[in-house]
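The values are calculated or read from the model by the stated rules, or taken from the named source; none is laboratory data. Please read these numbers as outputs of a predicted model, since none were measured by experiment. Note that we place each Cβ from the backbone using ideal geometry, even for glycine, and neighbour counts take in every protein chain shown. Surface areas here come from the heavy atoms of the whole protein model, side chains and all, with no ligands, DNA or RNA. Shrake-Rupley method; radii C 1.70, N 1.55, O 1.52, S 1.80 Å.
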Number of protein chains: 2
Amino acid sequence: MQRYQILTHNEIEQIHETSLRILEEVGIVFSYAPAREILARGGAKVDGQRVYFPKDMVEKELKKAPSSFILHARNPEKNVLINTQKTAYVGPYGSPYIMDMDNGRRIATLDNFITICKLEHQMDSIDIMSHIPCEPNDVDVKGRSAEMFYQTLKHSDKPLMASVLNYETAKDNIEMAAIAFGGVDFIKEKPVVTGIPCSLTPLSYDDKMAGAIIAYAEYRQPQLVNSLCIAGATAPATIAGTVAVQNAEVLAGIVLAQLVNEGTPVIYSASASNAEMRNGSLAIGTPEDAVFSLINGQLAKFYSLPCRISGALSDSKCADAQAAYESMLTLSMAQMAGGNFILHSAGIIDTYNTISLEKMMFDDEIIGMIRRIDQGAVVNEDTLAFDVIKEVGPQGQFLTHEHTFIHFRNEFYHPVLSDRSNATQWERDGALTAEKRANARWKKLLEEYVEPSLDKDIDAALKKYMKKIKVR
Amino acid sequence: MQRYQILTHNEIEQIHETSLRILEEVGIVFSYAPAREILARGGAKVDGQRVYFPKDMVEKELKKAPSSFILHARNPEKNVLINTQKTAYVGPYGSPYIMDMDNGRRIATLDNFITICKLEHQMDSIDIMSHIPCEPNDVDVKGRSAEMFYQTLKHSDKPLMASVLNYETAKDNIEMAAIAFGGVDFIKEKPVVTGIPCSLTPLSYDDKMAGAIIAYAEYRQPQLVNSLCIAGATAPATIAGTVAVQNAEVLAGIVLAQLVNEGTPVIYSASASNAEMRNGSLAIGTPEDAVFSLINGQLAKFYSLPCRISGALSDSKCADAQAAYESMLTLSMAQMAGGNFILHSAGIIDTYNTISLEKMMFDDEIIGMIRRIDQGAVVNEDTLAFDVIKEVGPQGQFLTHEHTFIHFRNEFYHPVLSDRSNATQWERDGALTAEKRANARWKKLLEEYVEPSLDKDIDAALKKYMKKIKVR
């Protein structure tokens, strides 16, 4: 299916050329000395912390990244192919707060973290578990990344993400993955975790994130090289200027990863949005965010790289209509853009700060709807159904025709949350809003949750490793 | 901007060919004798009420319809160009019920009708007034169409729609338009109203709608030749089969209009959706509806005709999250499809049966967001802003740069309903949901409403004409 092309090929090339000029003439600050050393060896000019990337070097390294790889799951049936065509939906990431209709908004805990893991596991719409569905604020910071990784692995057999806190912590998570999946050599061949190191926008990388890029590349685990530019704050107040900055940051990270380990898988990841100009703060459920998504999809395809785009974004403070329309906008545009790895696919409200359990259920439905659209329409003799149409004829009905029975199950999406009864029936059923139905639904999914089994020896080995981290 | 192509050109051709076969071999029932006579004179074979359209005849007549025309408004600044590229948003159409947070759902009255007219007039998002924003059930049926036309004309100076109840009533409305706009000859040159005659699906037209097609064509007023197929009920349970039926119906209506008056403006109008299979009834806020929209957009462009696509559709029974995500889906896909005349752009819930005043405000915001996306991104030296980026440099900020002040107003959409404050501020402001803010907003728009002036003589002449209808 042809994706929506918001820019011409020539406009995409202009952005690319501007990013190359930024990399070559303005440069990127890397505070992390090991990163500067690797980049210098690869041909970059280094002046203090500032690294200048020659055009040829960037174009050469970019070509080394693969366009396709498989992210392996504990349950091989849940392996996910990441390429430039397919779309994988990934859980929410990084919110300090959780919210639901019963208990309102509060600081998230490990208990909440596990609840969201279970929901992600239960939701057919979610292909990949995120690393931080919410921040487990009651867990000591020292062992938190390991704890999150362990709990996610324990509560789901879908593919998963891991930490990018810094070089050491990323390594620890990946070593745990190696324990769970059969050793470091095995996972270097068959990647099992992915992480999302992020630039310090504009035009820099801090020690932690540059370290994470290096760790993932060393282990050949796929990484989303990410930038979150804020147009009007950390980047120009123009779409084109912001994309130029963001693209320069992402390309710099990809070059670093390829210099560490040629051919290591990367996902082009850009999540620019715009500032709410009254206070300069980020806004994410915006049409500009959608425009960025459409352009990022085109840019990633220009580089023949899989593309991360943000999903169910919203600035609403609760699971209301604003949350719903912003979420549908950002998720549908992610699909229109040809996004291959849709992060934050469920639950985000409050500009990334809160996960709403009810909104997770909205988004589950929204993804189902969007996937149906992406399925398109099969056009052939059977589906065109000329003979059926001729047989039924003018003013006839198709409801009881065999052709209808054969096709409707696959042709129509069957909603899990939306109400399609008539008004009288709906009132008789208690006049429940979507929010109330969503509240009932996440509780039902939790009730039905069954923990996938984890090998006892692996479990013991993981716990032993975690203990080591805590006393280190 | 390149639109989303859900089907290939070859698949669109297959649908076209199947529709031509349906027209030629299955035929369309026209119960209205004058329509059959016109079609027979144009080359159709008539057998009883069944009319068979030779392929050459259809292709010949189709070419006569213009690709572009202007719909004139009382206020010329509000004239709307309808072509195959631009998008006009049009009010809701035909609901028997109205609903708001204060008074719940109830049978609509003329008073409600006028309220919605005022809101449509106030909303920047709405370009064209619909004919029946809700059904004024307290007005006697005999003069109802005239009353609706008069009230719409009186309460707004935007372009407007008119009745398609039958030949006589359509004529009455158009004659009233002639009174308001300077005579029949004037409006034949400069069209001022548009109507939406609809097939009786599958594959027939009743007396009333065939009569309306003839009336609009005689006066050269643009008409939306429409079909509302229900996949699985009035058409096959496949997307392709339903589109083939629907397309045949629309083409038959267009051929009739062109035979009445060569070159009369038509808008390709198809609003198929699918049946909710538990009861065979229509569902509209569905992903299948969105797929139909995308295909209809391609088909209309295949015929070089302006395209009507449905907008803010929902099956929800109230202004909740379901209403919001379904509305965003259908409105955004209408835009992605390249829709040129988006009917039902605001307020629809309850599968066309109810207009929600709060949802009108959601849709006002949604259209603003979608229009921003459609505006795309300007890529040039100024917007790419290399010099600004170089000046600010790594880890700098753009918030106070002159370039930001110059651009942010035009580059960013400024929301009218969505909340982008932080959680603390939102709670301090009363923790208002989008529904509550929408309730306050439509009241504010009504308070600020100022009736546009209508020439006294025209007003008197219109009233006189309406009196004549009532005693006829």
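When B:Lys55 is tested against (1) charged (D, E, K, R); (2) over 21 Å from A:Asp387 (Cα atoms); (3) more than 10 Å from every other protein chain (Cβ to nearest Cβ), only condition (2) is not met. In segment A:84-98, the qualifying residues are those that are closer than 23 Å to A:Asp111 by Cα and in contact with an Asp or Glu (Cβ under 6 Å, 6 or more places away or on another chain), and the one that is surrounded by the fewest Cβ atoms within 10 Å (Cβ to Cβ) is A:Pro96. Specify which of the listed residues (A:Val260, A:Val250) is touching a helix residue (DSSP H, G or I) at 6+ places or on another chain (Cβ under 7 Å), closer than 19 Å to A:Asp56 by Cα and assigned by TED's automatic domain parsing to the domain that holds A:Tyr205. Only one candidate passes the filter, namely A:Val260.
Which ones in segment B:371-391 are open to solvent by less than 30 Å² (accessible area, probe 1.4 Å) and more than 17 Å from A:Glu11 (Cβ to Cβ)? Residues satisfying the conditions are B:Arg372, B:Val388, B:Ile389.
Give me the residue from segment A:7-37 that is at the interface with chain B (Cβ under 7 Å from one of its Cβ atoms) and among the acidic types (Asp, Glu) and, out of that set, most open to solvent (accessible area, probe 1.4 Å). This residue is A:Glu25. Just to be sure before I move on: is B:Thr383 closer than 21 Å to A:Leu203 by Cβ, touching a Phe, Trp or Tyr at 6+ places or on another chain (Cβ under 7 Å) and within 7 Å of another protein chain (Cβ to nearest Cβ) in the structure I sent? Considered against the rule, which asks whether it is closer than 21 Å to A:Leu203 by Cβ, touching a Phe, Trp or Tyr at 6+ places or on another chain (Cβ under 7 Å) and within 7 Å of another protein chain (Cβ to nearest Cβ), B:Thr383 comes out as no. If a residue must be buried (at least 24 other Cβ atoms within 10 Å of the Cβ), within 14 Å of chain A (Cβ to nearest Cβ) and in a strand (DSSP E or B), how many such residues does segment B:195-229 contain? The total comes to 2. Is at least one residue of segment A:152-173 touching a Pro at 6+ places or on another chain (Cβ under 7 Å), part of a helix (DSSP H, G or I) and in the same structural domain as A:Val192 (by TED's automatic domain parsing)? No, the conditions are met nowhere in segment A:152-173. Here is the figure for segment B:257-281: residues that are at the interface with another protein chain (Cβ under 7 Å from one of its Cβ atoms) and at pLDDT 95 or above total 0. If you filter segment A:350-370 down to residues that are hydroxyl-bearing (Ser, Thr, Tyr) and at the interface with chain B (Cβ under 8 Å from one of its Cβ atoms), you find that the one that is surrounded by the most Cβ atoms within 10 Å (Cβ to Cβ) is A:Thr354. Scanning segment B:393-408 for residues that are more than 7 Å from chain A (Cβ to nearest Cβ) and open to solvent by less than 80 Å² (accessible area, probe 1.4 Å) gives a single hit, B:His401. Residues that are among the aliphatic types (A, V, I, L, M) and without any contact (Cβ under 8 Å) to a residue 40 or more places away in the chain were ranked within segment A:425-438; the one that is most open to solvent (accessible area, probe 1.4 Å) is A:Leu432.
Among the candidates B:Ile126, B:Ile116, B:Ile132, the residue that is assigned to a loop (DSSP other than H, G, I, E, B), among the aliphatic types (A, V, I, L, M) and open to solvent by less than 10 Å² (accessible area, probe 1.4 Å) is uniquely B:Ile126. What number of residues in segment A:277-316 are assigned to a loop (DSSP other than H, G, I, E, B), open to solvent by 10 Å² or more (accessible area, probe 1.4 Å) and in contact with a helix residue (DSSP H, G or I) (Cβ under 8 Å, 6 or more places away or on another chain)? Adding up the residues that qualify gives 2. Listed by first and then second residue, the pairs with beta-carbon distance under 6 Å, at least 6 apart or on different chains, first residue in segment A:407-424 and of a type in the set (A, V, I, L, M), second open to solvent by 30 Å² or more (accessible area, probe 1.4 Å), are A:Leu417/A:Arg437.
When restricted to residues that are part of a helix (DSSP H, G or I) and under 19 Å from the mean Cα position of the chain (by Cα), segment A:135-150 contains 3. Please verify whether B:Ile254 is facing another protein chain (nearest Cβ under 8 Å) and in contact (Cβ under 8 Å) with a residue 60 or more places away in the chain, treating the condition exactly as stated. No; evaluated as a whole, the condition is false for this residue.
Scanning segment A:444-467 for residues that are open to solvent by 60 Å² or more (accessible area, probe 1.4 Å) and in contact with an Asp or Glu (Cβ under 9 Å, 6 or more places away or on another chain) gives a single hit, A:Ser453. When you scan segment A:296-310, do you find a residue that is of a type outside the set (Ser, Thr, Tyr) and within 9 Å of chain B (Cβ to nearest Cβ), even just one? Scanning segment A:296-310 turns up no residue that is of a type outside the set (Ser, Thr, Tyr) and within 9 Å of chain B (Cβ to nearest Cβ). Being in a helix (DSSP H, G or I) and open to solvent by 10 Å² or more (accessible area, probe 1.4 Å) is a description that applies to B:Ile179. Here A:Ala319 meets each of (1) more than 7 Å from chain B (Cβ to nearest Cβ); (2) surrounded by 24 or more Cβ atoms within 10 Å (Cβ to Cβ) with one exception, condition (1). Evaluating A:Pro66 against the criteria (1) over 17 Å from A:Leu256 (Cα atoms); (2) surrounded by 14 or more Cβ atoms within 10 Å (Cβ to Cβ) leaves one unmet condition, (1). Here is a check on your reading of the model: is B:Asp47 within 14 Å of another protein chain (Cβ to nearest Cβ) and among the acidic types (Asp, Glu)? It is true that B:Asp47 is within 14 Å of another protein chain (Cβ to nearest Cβ) and among the acidic types (Asp, Glu). B:Val245 meets each of the listed conditions (1) within 14 Å of another protein chain (Cβ to nearest Cβ); (2) open to solvent by 10 Å² or more (accessible area, probe 1.4 Å); (3) under 16 Å from B:Ala300 (Cα atoms) apart from (2).
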